[in-house]
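Reading through the structure tokens given below for one structure.
The values are calculated or read from the model by the stated rules, or taken from the named source; none is laboratory data. Just so we're clear, the structure is a prediction, and the values are computed from it rather than from any experiment. Don't worry about glycine lacking a Cβ; one is built from the backbone with ideal geometry, like all the others, and counts go over all protein chains shown.
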Amino acid sequence: MKKTLQIIRYELISALSRPSFVFFAFGVPIIAVLGFFGYTLIKNSQATEKNTEQTQEENKLNPEGYVDYAGLIKVIPSDLPTNILVPYQTEAEAKDALELGEIEAYYLVPEDYLKDGDLYYIHPETNPISQDGQIWIMRWTLYVNLLDGDMQAASNIWNPGNINRRNLTLERTGGGSLAGDCTTPGYTCESNALIQLLPIGIMAIIYISIVTGGSYLLRLVSSEKDSRVMELLLLSASPNQLLNGKVISYCLLGFFQVLAWLGAVFLILRIGGTTLNLPPGFEIPISLLVWGLVFYVLGYGIYASMMAGAGALTPKLSQYTSVYFVVSIPLFISYFFSLILAMRPHSPLAVVLSLFPLSAPIMMITRLTVGGVPFWQPALAAGLSLIMVVLIVRAVARMFRAQVLLSGQPFSISRYIKTLAKSQ
Amino acid sequence: MKQVQVAHIAKSFGNVEAVRDVTFEVDKGEIFGLLGPNGAGKTTTIRVMLDIFKPDAGTVSILGGPMSEEKKDLIGYMPEERGLYQDIPLERCLVYLATLKGLSANDARRRLGDYLDRFDLLPHKNKKVKELSKGMQQKAQIIAAILHDPELVIIDEPFTSLDPINTQLVKELMGELHDKGVTIIMSTHQMHQVEELSDRILLINEGKNVLYGNLNSIRRDYAGHAVMIKTNETIPDIPSIESIVQHNSATKLILTEGTSPQDVLGALVAEDITLDKFEIALPTLDEIFIKVVKEGSEENNKM
């Protein structure tokens, strides 16, 4: 145990002394958070300016007139600025006012408006963009008046359903609506692609971390073999101590790396709630983070051990890239499937893949991020993955014998699988 | 007490027989020379001895039995080349390897300081190993093998890349370890280094024992018909002397078949030659090795 701890300590210090590792694991998420924070500040200041301009614009809302031949308009909604709509008895009066510059345009509500629904907007400009500039004011007024002045009913019709969407099983912690969202008349609403990309984003973080951690381990074992340090290590510690020390240390490093990356995502979502136009109270559930870390550790245990085993069979450091590619194929395939199945997370294939240990770390996270997965499924997947970890670590520890490590035979998939099976 | 007992070990890799039949024993506290040309099977023999490889045949007993995790801490090993992490500072590398041998990091650091100072490596302790010269790396490897005060030290080609001064330094260090009762197995193809240091040797060739035993006995066994003399006078024509070879300050007299050293001594005395030195000319290990290997090749050709 003491030697395992020494190996863990050494590997942690060595990895943390490598600027490339530190930058990738911790520098990138910090830069991302700082960058996003800066972006948010700039965007907020621009938004403030825009709001000011908008307010000025609102103050500049020009009075318009209307002629109500249908006799519908009894009240002007109280949330509109006063004198924004000026009533006229006849079109001639309205036209005179327009010519005198008292109003910018006027509406004509025909007598048979209720039958045809036609409404006329008379204005002197031909600019198509400015034509609709204020027309929502008359529409809103008609809504309210058609409903006998009931502004709440008009608002419900304006925004029917008032749907509170809960994407990604996200928890809404705050109520109400933000100014500028889809529920308020007069504003447009942007669709939010970010929420839909989040499952893929989180799964990509897990994937990248497992892949990079496993690759570091494969490279480390290959380089120790190449430099013959392995001979000294085998004469100082047991194969189990060596393998456990290396796998645990890189698992810890990966764990903190994933934590940093997920933390960065979490912070960005918190900082960027309004910047990214996220739903109010948007946040990643803690349960998702916990499952994420559980499946990360299990996935890492499986793939890092497999990489270490491959490293044990790789005679030369120069062969590392091709060996790495071969061993990471199952992970790549599950990543590929998860991209396809992210939109159908509860299809039978997605469920099966999320339970199968080699694809579970990626697929289950994808499904959990989308939501609606019954608890027994991640629990079963975690149990199966744990059994797989134990079997693989045991097999690879047996492969970690000098006989295999120093044999110098070339790497091949068949030899790898044969040795892995023989070691069980 | 026997520190190492190797009996009839054999090891093959595919179709290549690296070791065919090697047997030897090493006593406690001796410096044992494991000799042979490149490719003779020395390194494979060491790896089998250290349980890095399992032998295909034969048995190994080390420190009184099979290799165990506890025994690993009592053994120091220096592989033939490299064997150190290249991308980390020298001090961290050596301290780590020592802690894996059971030393505390503080003790390792303290002992390391003394050795680094002695080997002129102290100013380089924070440099990455790959930034050091080959000779410096060789010295660092030797330190890695002895830092934890092992009972048994196995060093493979210890003098490679060392200049004469550092070679002498390493020889002195081995002498000190020998005085402290440490058992040393030194594998090399540099025969003259072994002649100076070893008590007993095993010479292997093509994976088999060729010569094994006390170094002086072996040399005596291989002593040919020759004597070394030192004299200031001209050597007269004596029928029993086949030829005369100048050998530094001495003269080597090659004797004819059937002549004994006593016969020549008698003849020289009879000629009234004043002798400062008269001794049987012992062959060097190089000479013995060449002779043995040639004989072996001739036998193989006959078969």
Positions within the stretch B:67-77 being buried (at least 23 other Cβ atoms within 10 Å of the Cβ) and either more than 10 Å from every other protein chain (Cβ to nearest Cβ) or under 21 Å from B:Ala18 (Cα atoms) (or both), in sequence order: B:Tyr77
Neighbours by Cβ (under 9 Å, 6+ apart or cross-chain): first from the stretch A:1-27, at the interface with chain B (Cβ under 8 Å from one of its Cβ atoms); second modelled with pLDDT under 90 and exposed (fewer than 13 other Cβ atoms within 10 Å of the Cβ): A:Lys3/B:Glu69
Long-range neighbours under 8 Å by Cβ, at least six apart or interchain, first residue in the same structural domain as A:Pro330 (by TED's automatic domain parsing) within the stretch A:345-371, second hydroxyl-bearing (Ser, Thr, Tyr) and assigned to a loop (DSSP other than H, G, I, E, B): A:Leu353/A:Ser359
Yes/no for A:Leu243 being over 20 Å from A:Thr40 (Cβ atoms) and at pLDDT 80 or above: yes
Extreme residue, farthest from the other protein chains (Cβ to nearest Cβ), among residues of the stretch B:31-66 that are in a loop (DSSP other than H, G, I, E, B), touching a Lys or Arg at 6+ places or on another chain (Cβ under 7 Å) and crowded, with 17+ Cβ neighbours inside 10 Å: B:Gly36
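For the stretch B:109-116, check the following and say yes or no: at least one residue is within 12 Å of chain A (Cβ to nearest Cβ) and either crowded, with 22+ Cβ neighbours inside 10 Å or not aromatic (Phe, Trp, Tyr) (or both).
Let us first name the residues in the stretch B:109-116 that are within 12 Å of chain A (Cβ to nearest Cβ), namely none.
Looking for residues that are within 12 Å of chain A (Cβ to nearest Cβ) and either crowded, with 22+ Cβ neighbours inside 10 Å or not aromatic (Phe, Trp, Tyr) (or both), one finds none in the stretch B:109-116, hence no.
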Among (1) more than 11 Å from chain A (Cβ to nearest Cβ); (2) over 25 Å from the mean Cα position of the chain (by Cα) - the single one B:Arg92 does not satisfy: (1)
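Conditions (1) in contact with a strand residue (DSSP E or B) (Cβ under 6 Å, 6 or more places away or on another chain); (2) of a type in the set (Val, Ile, Thr), marked per residue:
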residue: B:Val194; (1), (2): yes, yes
residue: B:Arg219; (1), (2): no, no
residue: B:Val269; (1), (2): no, yes
residue: B:Thr274; (1), (2): no, yes
Sole exception among (1) more than 14 Å from every other protein chain (Cβ to nearest Cβ); (2) outside any strand (DSSP E or B); (3) not aromatic (Phe, Trp, Tyr) for B:Leu97, by number: (1)
So B:Val129, is it assigned by TED's automatic domain parsing to the domain that holds B:Asp199, free of Cβ contacts under 8 Å to residues at least 40 places away in the same chain and touching a Phe, Trp or Tyr at 6+ places or on another chain (Cβ under 8 Å): no
Members of the stretch A:1-23 found to be touching a helix residue (DSSP H, G or I) at 6+ places or on another chain (Cβ under 7 Å) and among the small types (Gly, Ala, Ser), listed by number: A:Ala15
Criterion violated by B:Ser104 - all others in (1) within 14 Å of another protein chain (Cβ to nearest Cβ); (2) farther than 24 Å from B:Gly181 by Cβ; (3) of a type outside the set (A, V, I, L, M, F, W, C); (4) out of contact with any strand residue (DSSP E or B) (no Cβ under 7 Å at 6 or more places or on another chain) satisfied: (2)
Test set (1) within 13 Å of chain A (Cβ to nearest Cβ); (2) of a type in the set (S, T, N, Q); (3) within 30 Å of B:Glu25 (Cβ to Cβ); (4) touching a residue at least 12 places away in the same chain (Cβ under 8 Å) - B:Gln86 fails condition number: (3)
Filter result for the condition that a residue is crowded, with 21+ Cβ neighbours inside 10 Å, over 36 Å from the mean Cα position of the chain (by Cα) and modelled with pLDDT under 80, over A:Ser236, A:Ser227, A:Ser209: A:Ser227
Selection from the stretch B:67-82 of residues that are of a type in the set (A, V, I, L, M) and either more than 19 Å from B:Leu97 (Cβ to Cβ) or part of a strand (DSSP E or B) (or both): B:Ile75, B:Met78
